[in-house]
Amino acid sequence: MESNTKLSRRDKTALILRHLQGSWGFFAGAILLAYMNTVCNAVIPQIIGVTVDSVLGSEEPELPGFLRALLPLDRLRGDPWAALWMAAGAVVLAAAVRGVCIFGMRINLAKGSEGFVKKLRDNLYSHIQRLSFDWHTAHATGDIIQRCTSDVEVIRTFVCNQLMEVLRTVFLIALYTGIMLMMNWRLALIPLAFIPVTGLASGVFYGKISARFQAADEAEGELTTCAQENLTGVRVVRAFGRERFEIDRFAQKNNRFSSLWVELGKVLSVYWASGVFLVCLQIMAVIVAGTVAAVEGSITLGDFQAFVIYNSAMAWPVRSLGRVLSEMSKAGVSMDRVGHILRAEEEADRPGAGDVPLGGDIVFDHVAFGYEGQEVLRDVSFTIPWGSTFAVLGGTGSGKSTLVHLLDRLYDLGEGQGTITVGGVDIRDISRASLRRQVGLVLQEPFLFSQTIRENIAATRPDAPEEELRACARTACVDEAIADLQNGYDTVVGERGVTLSGGQKQRVAIARMLLQNAPVMVFDDSLSAVDAETDAKIRAALKERMSQATVILISHRVTTLMQADRILVLDGGRVSDIGTHAELISRPGIYKEIYDIQMSSDDRALVEEGGEA
């Protein structure tokens, strides 16, 4: 999945501010404490300067009146050891206050950052749940996961660490610059001259590494997708001996990912090396110029020492500001990638669409539909009488599953693509939530969660009574198989139901749908993984249970469909034929051809013995 559009600065700011709601107080407290820490740190060089010039020396201290009154210069000048102990105590006190400030700042940052990132994750996950089925099929699962984890963490680091560092560094530069200008404005011009140089260098590198960060992030998403597909498809990998192929495929993507980070590291190495050179050059220039000024008497020895400390303390944060700015390029890429999801359009109902009880014939009227410009259904029209059993037969790619997806509004018909109505009501005038509650669906590839079998069956009705749940399992002919498991209904199935056989997974999915008690039940080739005898037993049990429901059966197996009230035959996305089983086998066509091929002597005997539904 690639996000070709980038968020504007305004959009990125809005994204951050929206998720900072509720955490402002913590961040404000953290910023205030960070500023207090910086002020305490600025006091220490002044203590050293006053001690050297005014206590050990004879210079009059330039201090506010109340501090000057508290400082017993005459006594301290006569007792150097007492002066040193007092200076050390003042430094320790300032350091202790700094420690308290840092502790409080970290506590506030931790609370604020967790509140921010929790809200971001919640909104992101909630938004993904409301995105269309079409959006999900167009995007790789591994890349979505990577955006919701790694990219969210990068944004959190930016907001809670890097942005805080920028605010602290800007305040430090302003404070230290003001102090140095008051101490010796000519000497202060040297560090001031290096600030724009460092900023310009950071800006140049920012532009160079931004695109590289995005390429590396997308490569990480591809790597995650590769690993996720291998792990979820482990049974297929083992069955077809694709271990070597999968290892090579992962190695190829991993090599590309590693090479991108190596290239990025080369650019960053130049950046760090040039930055260290600039910092050392700045410190050297201040020491040389300050030494000359001290010899000439334009600056005192104590002030010179304090000035050197301020310069060194400011040089590295200015350099780190450049580093943070370069890291911000990665945060910008992550915000683009997360924003790509958050800006995706959610499923939306028509104005006025509401909760409409289903009842009446289901009518497909001149329906045409396709995926990505490829037409799948072509002018399809038919009617499913309410309360009947309707079957659909067709070859692979004929559009059978697409009919189901359209009925359940996993995809929506556009203008000029026909209509689907239930009891005369266009399904687009029914809210998706209402429609999907009333259309039970068993997909061709059933999905089970990594939970107990009981929880999987009860997914459609978590509050259903135990006896009703077991009755649905008996109808789906899976109750006995569950009883044979070591923990019965409390057996935890593996990821995607991997610990169960294909037939068991399908039958558990059928039981889950039956528990929904939906007035419309759709079986999309959901008996393909069971043998013909079990198929017949399930259909016989379903016939008794679903006498009041409208049932849609989709299958390649004629024995599954032949007892339906009407059978629709699709060919190349068009209606080839429609009628009862007797009508369809009485005339030449696709249905009769498939019937003659599939109906072996064993199948005929099974039908004659009453195995049909």
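Every number in this text was worked out from the coordinates using simple rules, so none of it is lab data. Note that the structure is a prediction, hence the values are computed from the model and not measured. Neighbour counts run over all protein chains shown; Cβ positions are idealised from the backbone, glycine included.
Side notes on the structure shown:
- The 3J(HN,Hα) values that the Karplus relation (6.51, -1.76, 1.60; θ = phi - 60°) gives for segment 382-387 are, in residue order, 6, 10, 10, x, 5, x Hz. Gly and Pro appear as x.
- Scalar couplings 3J(HN,Hα) for segment 277-283, obtained by applying the Karplus form with A = 6.51, B = -1.76, C = 1.60 to θ = phi - 60°, are 4, 5, 5, 5, 5, 5, 4 Hz; x denotes Gly and Pro.
- Relative contact order, whole percent, for the chain stands at 14, derived from Cα pairs under 8 Å and 6 or more residues apart.
- Normalised by 2.2 N^0.38 Å, where N counts its residues, the alpha-carbon radius of gyration of segment 9-342 equals 1.33.
- Set of lysines with alpha-carbon distance to Lys253 below 21 Å, sequence-local pairs under 8 removed: Lys266, Lys330
- Panel order for Leu17, Leu584, Leu131, by other beta carbons found within 10 Å of each beta carbon, from fewest to most: Leu17, Leu131, Leu584.
- The amide H of Ser450, built 1.01 Å from its N in the peptide plane, has Arg496 as neighbours under 5 Å, considering only residues 5 or more places off or on other chains.
- Using a cutoff of 8 angstrom between alpha carbon atoms and counting only pairs six or more residues apart, the relative contact order for segment 346-437 works out to 43 percent.
- Think of the chain as a dipole: +1 on every Lys or Arg Cβ, -1 on every Asp or Glu Cβ, centred on the Cα centre; then among Ile155, Tyr310, Val442, Tyr310 lies furthest on the positive end.
- For segment 362-608, share of DSSP beta bridges that run antiparallel, in % to the nearest 5: 50
- When peptides 429-436, 514-521, 411-418 are sorted by average Cβ neighbour count within 10 Å, with the highest value leading, the order is 514-521, 429-436, 411-418.
- Among Tyr489, Tyr125, sorting on how many other beta-carbon atoms sit within 10 Å of each Cβ, with the fewest leading, yields Tyr125, Tyr489.
- Close amide H contacts of Asp577 (hydrogens built in the peptide plane, cut-off under 5 Å, sequence separation of 5 or more or a different chain): Val569.
- Rounded FRET efficiency, nearest 0.05, which uses the C-beta distance separating Leu200 from Ser381 and R0 of 56 Å: 0.25
- For Kirkwood radius over Cα pairs in Å, calculated from these coordinates, the label among (i) 27.1; (ii) 25.9; (iii) 30.7: (iii)
- Additional length obtainable on full extension of the chain from Arg249 to Glu263, 0.36 nm per residue less Cα span: 2.9 nm
- For segment 302-381, the set of trypsin sites (Lys or Arg not before Pro) satisfying both a DSSP loop assignment and a count of at most 16 other C-beta atoms within 10 Å is given as Arg343.
- Under 5 Å from the amide H of Ile552 lie the amide H atoms of Phe390, Met521, Val522, Phe523, each residue being 5 or more positions distant or on a separate chain, with H modelled from the backbone and absent for Pro and chain starts.
- Derived from the Cα gyration tensor, the three semi-axes of the equivalent ellipsoid of segment 421-539 are 26, 16, 13 Å, largest first.
- Helical runs (DSSP H, four residues minimum) scored at -39500 (n - 2.57) apiece and divided by the length of the chain put the mean residue ellipticity at 222 nm at -20500 deg cm²/dmol.
- Applying the Karplus relation 6.51 cos²θ - 1.76 cosθ + 1.60 with θ = phi - 60° to segment 351-358 yields 3J(HN,Hα) values of x, x, 5, x, 7, 10, x, 6 Hz, where x marks Gly and Pro.
- Each principal axis of segment 362-608 carries a Cα extent, and these read 51, 48, 34 Å when sorted largest first.
- Counting charges near Glu455 (Lys, Arg +1; Asp, Glu -1) among other residues having Cβ under 12 Å from its Cβ returns a value of +2.
- The ranking of Arg212, Arg249 by Cβ neighbour count inside 10 Å, starting from the fewest, reads Arg249, Arg212.
- Subset of Lys111/Lys208; Lys505/Lys592; Lys6/Lys208; Lys118/Lys505 violating a 27 Å alpha-carbon distance limit: Lys111/Lys208; Lys505/Lys592; Lys118/Lys505
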